[in-house]
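Q: Would you mind keeping the following structure in view while I ask a few things?
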Amino acid sequence: MLHEYRDEISVLKQENAHFAKIFDEHNDLDQKIQDIVEGREHATDMELSELKRKKLELKDEAYAMVMQYIKEKQ
């Protein structure tokens, strides 16, 4: 997620517990979605859509926090 901001993410994960939590939750959802798509786990289409929606919300929140960090750093 947001690979182009790897350095900023590393700092935020250490300095901001909320950021670290949503980052980890996003990664957990990503793995769960991949497991469902590849058949290692089962879910309905509706459940899969909900997981994808939640993952996107977390990514949007993390992105906003990264952008705020960059803005404050300048």
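Q: According to a simple spin-label model (label point 7 Å from Cα along Cα-to-Cβ), what is the distance in nm between residue 74 and residue 17?
A: Once both label points are built, they end up 3.1 nm from each other.
Q: Something else: When only DSSP loop residues count, what trypsin sites (Lys or Arg not before Pro) in the chain have their Cβ near at most 15 other Cβ atoms within 10 Å?
A: 40
Q: Can you compute the modelled spin-label distance between residue 54 and residue 35, with each label point 7 Å from Cα toward Cβ, in nm?
A: Result for the modelled spin labels: 1.3 nm.
Q: Tell me the angle of helix 6-15 to the major Cα principal axis of the chain, expressed in degrees between 0 and 90 and rounded to the nearest ten.
A: 80 degrees
Q: On to the next question. Please calculate how many Å² of accessible area the chain carries per residue, with a 1.4 Å probe and no DNA, RNA or ligand atoms counted.
A: 72 Å²
Q: May I have the count of lysine pairs in the chain with C-alpha atoms under 20 Å apart, counting pairs 8 or more residues apart or located on different chains?
A: 16
Q: I've got another one for you. Taking Cα atoms, how many degrees apart are the long axis of helix 45-73 and the longest axis of the chain, rounded to 10 and kept between 0 and 90?
A: Once rounded, one gets 10 degrees.
Q: Computed over the Cα atoms of the chain, what is the ratio Rg over Rh, Rh following Kirkwood?
A: My calculation of the ratio gives 1.06.
Q: Roll a 1.4 angstrom probe over the protein heavy atoms and tell me the percent of accessible area of the chain that is carbon or sulfur.
A: With neighbouring chains kept in place, the figure for the chain is 49 percent.
Q: Under unit Cβ charges (Lys, Arg +1; Asp, Glu -1), what dipole magnitude, rounded to 20 debye, does the chain have relative to its Cα centre?
A: Value, rounded to 20: 180 debye.
Q: Another question, then. With r defined as the distance between the Cβ atoms of residue 47 and residue 3 and R0 fixed at 25 Å, what FRET efficiency is calculated, to the nearest 0.05?
A: With R0 = 25 Å, the Cβ-Cβ based efficiency is 0.35.
The values are calculated or read from the model by the stated rules, or taken from the named source; none is laboratory data. What you see is a predicted model, and the numbers here were worked out from it, not measured in a lab. Neighbour counts run over all protein chains shown; Cβ positions are idealised from the backbone, glycine included. Just so you know, the surface numbers come from the protein's heavy atoms only, side chains and all, with ligands and any DNA or RNA stripped out. Shrake-Rupley method; radii C 1.70, N 1.55, O 1.52, S 1.80 Å.
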